[in-house]
Structure formats: C-alpha cells, structure tokens
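Taking it in order: structure first as structure tokens, then the write-up.
The values are calculated or read from the model by the stated rules, or taken from the named source; none is laboratory data. Here the structure is a predicted model, which is why all the values come from computation and not from measurement. Note that we place each Cβ from the backbone using ideal geometry, even for glycine, and neighbour counts take in every protein chain shown. Calculation scope for accessible area: heavy atoms of the full protein, side chains included, ligands and nucleic acids excluded. Shrake-Rupley method; radii C 1.70, N 1.55, O 1.52, S 1.80 Å.
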Amino acid sequence: MATVLKSFLSGEWRAGSGKRAELVNPSTEEVLAEASTEGLDFRGALSFAREKGGRALRAMSFAQRGELLKKLAKVVADAREELIALGLANAGNTRSDAKFDIDGASATLMYYAELGSTLGEARFLADGEGIPIGRSARLFGQHLLVPREGVAVQINAFNFPAWGMGEKLAAALLAGMPVISKPATSTAMMAHRMAELWAQSGALPEGAFSFVCGSIGDLLSHLGPQDVVAFTGSGQTAAQLRRLDNLARQNIHLNVEADSLNSMVLGRDVELGTEAMNLFFSDVVKEMTQKAGQKCTAVRRIYVPRDRMDQVREELVQRLSEVRVGNPADERAQMGPVATAQQLRDVRAGIDQLARSSEVATGGSKPIDAAGVPPGKGYFVAPTMLLMSNPSIEADVNGLEVFGPVATLMPFAQTAALVNLIVAGGGGLVSSIYSDERRFIEEVVAGIAPHHGRLTIAGEKVAGQSVPPGTVLPQLLHGGPGRAGGGEELGGMRGLALYQQRVALQGHRPLVEHLAGTLKDSAHSSRA
Ligand code: NAP
C-alpha cells in the first residue's frame with residue numbers, strides 16, 4: 001500500500017481526509033505515495049505560525065537565525081543519499097539531477113547562514129545611510145527594514161522540490177518571518193522527507209516552519225496584510241493567484257517566479273575547437289537534458305551566426321542523440337523521464353506545435369524505448385532539437401514554453417535583429433552570450449538587459465571556470481520581468497526584501513538614530 005504523506009501544521013503532522021492525490025514513479029508509473037489536505041485547519045495553522053513562529057524568529061538576531069539555517073543545511077547534507085533515492089524514485093531525477101537539487105538547497109541555506117553571521121546581533125536592518133532632510137543637519141531621515149509580522153507562504157514548482165523549498169525558506173527565516181512551505185504535490189516526497197527531518201531536528205522554534213503536502217485548499221483566503229506569498233510555477237497558476245480576491249483586496253505581497261524562454265547566443269568570434277566553443281556545446285546539452293529539461297532556466301532558443309548553422313547543428317545532433325535516456329534507477333541513464341503523465345502529454349503536444357514551423361533535427365514527440373523500464377511504461381521524451389531557418393518574431397518558439405528536453409536552433413545575421421528576436425520571448429530569467437567580441441556583447445547586453453533578470457557572458461577568458469547559465473546562484477538575482485513573473489529572489493540581501501517592510505523614520509537626528517538603536521532593544525523585550 002502507498003504511504004500517506006502528512007502535512008506539518010500547528011506543530012503536528014496531520015493527514016487530510018477524502019480523495020488523495022497519487023505520487024508516482026515517472027519511470028515505472030508505480031504509485032509510491034498519496035496525499036490530501038482536505039479538512040485540515042489552515043486558518044489555525046496560519047495563526048499558530050504568526051503567533052509562535054513569528055514572535056520567536058523576531059526575537060532572534062540575524063546571527064542566531066543564521067545558526068538555525070546552518071543546522072537545516074546540515075540536516076539536508078547528512079540525508080543526501082536518502083534524498084537522492086527519493087528524487088530518483090519520485091521525480092525521475094538521475095543521480096546527478098537529484099544531487100544538483102539537494103546540494104543547491106544545502107548550499108543556499110549555508111550561504112544565507114553565513115550572511116546571518118555577518119549581520120551579527122542586529123534583528124532588523126538600516127537601509128542605507130541616514131539622510132539630512134532639513135535646512136540644518138538636525139532634521140534627519142533613516143530607512144529601516146523590519147520583518148513583516150505575518151507568515152511567508154511559499155509555493156514551489158515540481159522540478160526542484162529541495163532547492164525550491166530551501167532557497168525560499170532561507171531568505172524568509174533569515175529576515176525573521178515564519179514559513180508555510182508547499183511543494184508541488186506530484187514530486188513532494190523529497191521535500192516531505194526534508195520537512196520531517198527538519199521538524200525532528202529540534203533546530204526550528206515552534207511555528208517557524210510548517211509544511212503543506214497536497215492541495216493548498218483555502219489557505220490563501222485566510223491571509224492578512226502582513227502575510228506574503230512567494231510563488232514558483234506556471235504563468236497560468238500565477239495569473240489565478242493574481243486574481244484572488246483576498247490577495248487583491250488586502251494588497252498582499254506576491255512574488256511570482258514563472259516560466260521563461262531562455263536564450264543562448266553564440267558570437268561570430270568563437271571558433272570551433274576553442275574552449276569557449278566547447279563550453280557552448282556542453283552548456284547547450286546540459287541545459288537541455290539536466291532534469292529532462294524541466295528547469296525554468298533551461299535553454300529554449302539557441303541563436304548562432306547563419307554561416308555556422310550546419311557546423312553547430314551537426315555537433316549538437318551528435319551529442320544529443322548520444323544521451324542515454326532511461327530509468328534513473330539504472331545508473332547508466334543520463335536523462336530520466338519527465339515528472340508526470342500530464343507533463344508528457346504537454347511536452348509532446350508542445351513539440352508538435354513547434355514542429356509546425358520548424359524542422360525536427362533530432363528527437364521528436366514519438367514514444368521512445370527507454371532503458372530499464374517495463375515496455376510502454378514511463379514518461380520518457382527524447383532530447384529534441386528543432387531547427388528554424390528563418391526565425392520570425394511571431395513564431396511559436398517566442399511564445400510557447402515546452403517544459404522538457406526541447407530547444408530550437410536558429411540563425412542570426414544582424415545584431416539588431418538578434419536582439420529583437422530575443423526580446424520577443426516576452427521577458428526572461430536568463431540569457432547567455434558566448435563571445436569575447438566587446439562591441440557585439442555591448443550591443444546585445446544593452447538591447448536585452450531590460451528584458452531579463454540575469455545575463456551570463458561566457459567567452460574564452462572565463463571558459464575554464466564558467467557556471468552553466470541554468471545554475472541559480474544565491475549571490476545573484478533570480479527572477480525576471482514579463483512572462484518570467486516579474487519576481488525577484490536571492491541576490492544576497494536582496495532576497496530578504498519580500499519578507500521585510502521598509503519604513504522611513506524622520507525627525508530630530510539624535511532621536512532617529514536613538515530609535516534605530518532602541519527599537520532593537522524594545523523589539524527584544526516586547527517580543528521575546
Ligand atoms: P504549477 O502547475 O503552476 O504548480 C506550481 C505550484 O502551484 C504547485 O505547488 C501547485 O500545487 C500550486 N498550485 C496549483 N494550483 C494552485 C492554486 N490555484 N493556488 C495556489 N497554488 C496552486 O507549475 P508546475 O507544473 O509545478 O511547474 C512548472 C512551471 O513552473 C513551468 O512553467 C516552469 O517554467 C515554472 N518554474 C519557474 C521557476 C522560476 O523560478 N521562475 C522555477 C521552476 C519552475 P499542486 O502540485 O498541489 O497542484
């Protein structure tokens with residue numbers, strides 16, 4: 001019988017009633033676990049988190065919150081093998097995919113733990129320098145960043161059950177806000193185990209962390225103006241959240257990390273056989289096949305100079321057709337299945353839609369024989385590269401995110417036309433440029449920067465140590481404008497912004513400066 005996964009609310013593990021959602025192994029389609037949240041008391045859980053967790057966290061200094069994050073990171077690192085096994089079974093992850101997710105979670109927690117220790121004994125932050133605002137220096141203003149007094153509801157997508165949860169949690173707890181974390185139900189087993197281990201660890205103050213396993217039910221309808229929502233997932237679900245009456249009426253802060261048609265550009269200066277060229281090829285293959293292309297930062301559109309198309313196509317077709325697709329339980333598999341039956345249907349339909357205006361260079365939407373699975377089982381897709389010889393702004397490739405191992409190779413001639421094509425994607429998380437040609441880079445960066453959250457420039461000079469563009473770093477911003485959701489996460493201290501209220505204090509300078517100091521003390525005495 002399948003395990004029933006519970007939610008951790010008001011300090012207790014509770015199972016929902018009614019019909020349960022099934023969590024399967026996407027390689028074999030075997031049901032592994034079930035979850036429901038029906039009948040659970042979300043209103044009570046929110047009050048518990050606000051009153052107990054919020055109070056406890058605000059009474060702690062940044063250094064103490066950092067210590068807490070360090071303990072959570074250690075719990076994840078210590079359970080690495082167990083969590084990898086869950087990623088293989090429930091998310092279709094290869095061992096390397098699962099490590100990427102789990103190590104991403106512990107590294108981000110550690111990064112914020114260290115930030116906490118740097119911030120020391122403070123409990124809130126001065127935002128910049130104080131500012132004289134009157135005719136003399138006596139009248140003075142100072143911005144402060146104080147933790148919001150609500151709950152951070154953090155909703156994650158199915159593709160990064162560990163990292164998604166870890167990175168959001170790290171920023172909120174460090175800022176001093178309690179968290180209710182909700183993973184996507186289909187791949188929740190890894191996140192559920194992390195939640196169990198965190199709850200058992202004793203590291204967390206009561207109410208600082210809660211976990212919803214299954215549908216979000218009516219939770220969002222009980223939020224108030226001090227609560228925030230951090231959402232990662234599809235643009236469609238994000239649009240539903242934006243329309244929620246309660247969020248709109250109370251102006252509840254909502255951060256959205258949605259989808260993105262990320263691009264990679266090969267410069268005219270990069271020659272075959274150079275380190276930069278090899279990096280470009282290996283990054284394309286990694287970004288297309290890691291997590292079976294189910295990464296918000298995976299590449300969807302690849303632009304190369306027109307006279308290099310044949311060369312690049314040949315090499316990429318060769319490399320992609322060599323990728324061994326199969327059940328990650330067999331360690332020879334280099335790419336696993338997509339995560340759910342719905343994902344498989346969507347990816348196949350998406351490839352067919354793109355193929356109406358492109359040629360399939362390798363792969364395609366047809367069922368494939370994957371290694372290590374019963375015949376006909378599993379949600380497998382071949383790494384698929386399409387080719388569009390005459391890209392146009394209106395083409396589906398600039399509007400449709402096919403969330404699988406799928407990208408389209410396209411030529412460019414003029415830099416201005418290239419910029420127009422890239423920005424036709426409607427706002428992106430990341431774009432990468434493989435070149436050392438300064439004028440070309442300047443023109444592309446100037447043209448596409450307002451449309452992106454992050455740009456990676458990877459030429460010969462940094463090829464040896466470049467980080468693949470799909471890897472999200474805690475030091476740098478994650479998020480993007482337009483279709484990418486308009487949200488901002490990570491980016492060091494910037495990641496705390498959602499969880500803090502910026503307040504401007506103005507008055508007599510000594511008093512303002514004194515209040516900034518005494519506020520810390522009174523926060524301690526009244527809220528401890
Ligand atoms: P999804 O279907 O939108 O689900 C995302 C999360 O929202 C899940 O936890 C889901 O829970 C929850 N959810 C569904 N309906 C909801 C509602 N009405 N109210 C509140 N929560 C609701 O997206 P997905 O299929 O998991 O993820 C794939 C998409 O996420 C892709 O488009 C990808 O580009 C995007 N993504 C973006 C980022 C980024 O950082 N920008 C990162 C990863 C993925 P249930 O599972 O219980 O339905």
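A few points about this structure:
- Residue within the stretch 273-295 that is over 24 Å from Ile448 (Cα atoms), in a loop (DSSP other than H, G, I, E, B), free of Cβ contacts under 8 Å to residues at least 24 places away in the same chain and out of contact with any Lys or Arg (no Cβ under 7 Å at 6 or more places or on another chain) present: yes
- Of Phe160, Phe124, Phe211, all but one fail to be more than 16 Å from the ligand (Cβ to nearest atom) and of a type in the set (Phe, Trp, Tyr); the exception is Phe124.
- Flag for Asp127 being within 16 Å of Leu473 (Cβ to Cβ) and open to solvent by 20 Å² or more (accessible area, probe 1.4 Å): no
- Looking only at the stretch 25-59, and only at residues there that are open to solvent by 30 Å² or more (accessible area, probe 1.4 Å) and in a strand (DSSP E or B), the one that is farthest from Met1 (Cα to Cα): Glu38
- Among the residues making up the stretch 453-464, those that are in a loop (DSSP other than H, G, I, E, B) and within 22 Å of Leu421 (Cβ to Cβ) are Ala458, Gly459.
- Residue in the stretch 252-262 that is within 16 Å of the ligand (Cβ to nearest atom), closer than 25 Å to Val503 by Cα and assigned to a helix (DSSP H, G or I) present: no
- The residues of the stretch 273-305 that are more than 16 Å from the ligand (Cβ to nearest atom), touching a Leu at 6+ places or on another chain (Cβ under 8 Å) and open to solvent by 10 Å² or more (accessible area, probe 1.4 Å), listed by number, are Val285, Thr289.
- Within the stretch 215-249, being buried (at least 16 other Cβ atoms within 10 Å of the Cβ), within 18 Å of Ala497 (Cα to Cα), more than 8 Å from the ligand (Cβ to nearest atom) and not hydrophobic (A, V, I, L, M, F, W, C) holds for Gln226, Asp227.
- Flag if Ala2 is more than 30 Å from Arg148 (Cβ to Cβ), surrounded by 14 or more Cβ atoms within 10 Å (Cβ to Cβ) and more than 16 Å from the ligand (Cβ to nearest atom): yes
- The stretch 167-182, subset in a helix (DSSP H, G or I) and more than 13 Å from the ligand (Cβ to nearest atom), residue nearest to Arg193 (Cα to Cα): Leu169
- Qualifying residues in the stretch 168-208 (those that are open to solvent by 10 Å² or more (accessible area, probe 1.4 Å) and of a type in the set (A, V, I, L, M, F, W, C)) - the one nearest to Thr232 (Cα to Cα): Ala184
- Matching residues in the stretch 407-426 - criterion: being open to solvent by 10 Å² or more (accessible area, probe 1.4 Å) and within 16 Å of the ligand (Cβ to nearest atom): Gly426
- Residues located in the stretch 30-62, provided they are of a type in the set (Asp, Glu) and under 26 Å from the mean Cα position of the chain (by Cα): Glu34
- Checking Pro481 against (1) within 13 Å of the ligand (Cβ to nearest atom); (2) touching an Asp or Glu at 6+ places or on another chain (Cβ under 9 Å); (3) free of Cβ contacts under 8 Å to residues at least 60 places away in the same chain, the condition it does not meet: (2)
- Any hit, the stretch 149-165, residues being surrounded by fewer than 20 Cβ atoms within 10 Å (Cβ to Cβ) and within 26 Å of the chain's Cα centre (by Cα): yes
- The single condition among (1) more than 21 Å from Ser282 (Cα to Cα); (2) free of Cβ contacts under 8 Å to residues at least 40 places away in the same chain that Asn327 does not meet is (2).
- With respect to the conditions (1) open to solvent by 70 Å² or more (accessible area, probe 1.4 Å); (2) at pLDDT below 95; (3) not in a helix (DSSP H, G or I), Val467 lacks only one, and its number is (1).
- Considering the conditions (1) closer than 27 Å to Gly350 by Cβ; (2) open to solvent by less than 10 Å² (accessible area, probe 1.4 Å); (3) outside any helix (DSSP H, G or I), Val270 is excluded by exactly one of them, (1).
- Being under 23 Å from Pro469 (Cα atoms), at pLDDT 95 or above and open to solvent by less than 10 Å² (accessible area, probe 1.4 Å) is a property that Val323 lacks.
- The numbered conditions (1) small (Gly, Ala, Ser); (2) assigned to a loop (DSSP other than H, G, I, E, B); (3) free of Cβ contacts under 8 Å to residues at least 60 places away in the same chain are all true for Ala203 except (3).
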